[in-house]
Amino acid sequence: MTTHDAGSALGADAGFGSTPAEPAPLKPRRWRAWRRSRPFWGGLLLVLAGLELLAIPLSGILIHGAIKLVIYIGIGGVFGVLIGVLLIAAGIMLWVNPAHRAFYGIVGMTLAIASFPASNLGGFFLGMLLAIIGGALGYAWTPMAAAPVAAGPDWPASFEEPSAGLDLITGTSGDAGPMAHP
Amino acid sequence: MSDATSNNTQRAAGKVRWRRFAIAAVPAIAVAGTLVGLTAEGAIASSVSVSGKAFTISASQLSGTGFEQFGGMVTESNGTPHPVMVSAIHDAHLTNLCQSVTLGPITLRLTAGDAGTPVSAQNMIVDADSQTGSSAVFSNITIGQDAGTLTEVPGITGPAGTFGQQADGVTINNLSQDTWLTTAGTFTLPHLSVGFGGGC
């Protein structure tokens, strides 16, 4: 039994060692898994909408001094900046915290509608449309219930591990393990 | 959702349920469309603040009360300085307003105030590097006043010790200007229409 334990441990090591040997497929696969496990496109559209809403009034921050620009813009422009920042935050929160996707989706769509009177006609319609679509995508995203199926193959391996601990406790084969290793 | 079992990636994947998407998006677009409609009728004022070079404004007539003008300087992001003329109007009415904005590859063209009711703007400030008009009428104009002491637009003054001018009233015909920065506290845009392509 202990030989089998050592073998499985080696096998696990070999499994870990073999994956960096082919890094090319690993990274896209992880990126893909990250994307698919959350409302990625909804969040991305919200972030883009926020950036677009910010870009129209704030590209002049490079032209004017920041303080002068704020004096020029006044309270209306501050609302526009606020909406842009909140849209970016809602998009990022959709990625970080997909469990609350319905809330962030609705927040995104509400901000989109508010941006029309408050921020350059919703960034000349573009930002408003991006945010409505992004918010609705975030709201409509649903995780699949495929997790138990995927966990299935891992079960035998996890059953092996308690047996190793059991051997250590009983002490019957504590020395035999390293000796039996070829 | 019969295709839920087709996926066998280890992480919990997800998908967009399009009926749910429609439930969310359709009301939002309906509300947004109502807002657009009300704005196009001039019932709702909107806040406009644009900066950047590729922004042109033209109007067949601008008339306003409370006018200030002074010189200023803007610096491009690469450090090139440009002299500009800062015009501030407390209460402006613009007939046949046309604004064109270039957003990357797209040029958006926005027209309003061409069906009888002029566009009105409060506290409009324009930094223009070229400004032309076929004729201009100023009432009670003061030319050569220190730009730091201008009073016609509350809260807006130029750099102290520089040239400035102000007037009680202003009327400019066939206005056209290339601006670096335009902002207005509120813009009311009756008969608004937005299209792609083509400058003003």
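The values are calculated or read from the model by the stated rules, or taken from the named source; none is laboratory data. All figures in this text were calculated on a predicted structure; none of them were measured in a lab. For neighbour counting, all protein chains shown are included, and Cβ atoms are generated from backbone atoms with ideal geometry for every residue, glycine included. Quick note on the areas: whole protein, heavy atoms, side chains included, nothing else; ligands and nucleic acids left out. Shrake-Rupley method; radii C 1.70, N 1.55, O 1.52, S 1.80 Å.
Label separation (B:ALA115 vs A:TRP31): 4.9 nm, computed from points 7 Å beyond Cα along the C-beta direction. The order of A:ILE133, B:ILE172 by accessible area, most exposed first and with a 1.4 Å probe, is A:ILE133, B:ILE172.
Rolling a 1.4 Å probe across the protein heavy atoms gives chain B an accessible surface of 46 Å² per residue. In region B:79-196, Cα pairs under 8 Å separated by at least six residues give a relative contact order of 33 percent. A Förster radius of 51 Å, combined with the Cβ-Cβ distance separating B:SER134 from B:ALA30, puts the computed FRET efficiency at roughly 0.70.
Helical runs (DSSP H, four residues minimum) scored at -39500 (n - 2.57) apiece and divided by the length of chain B put the mean residue ellipticity at 222 nm at -4000 deg cm²/dmol. Solvent exposure of A:TRP31, expressed as accessible area, is near 130 Å², computed with a probe of 1.4 Å over the protein chains only. Structure remark: mean-square fluctuation, Gaussian network model of chain B, C-alpha springs under 10 Å; the largest value among B:ALA32, B:ALA22, B:ALA136 belongs to B:ALA22. Over every Cα atom in region B:84-200, the radius of gyration and the widest Cα-Cα span, Dmax, amount to 15.2, 44 Å. Against the main long axis of the alpha-carbon atoms of chain B, helix B:18-40 sits at an angle near 20°.
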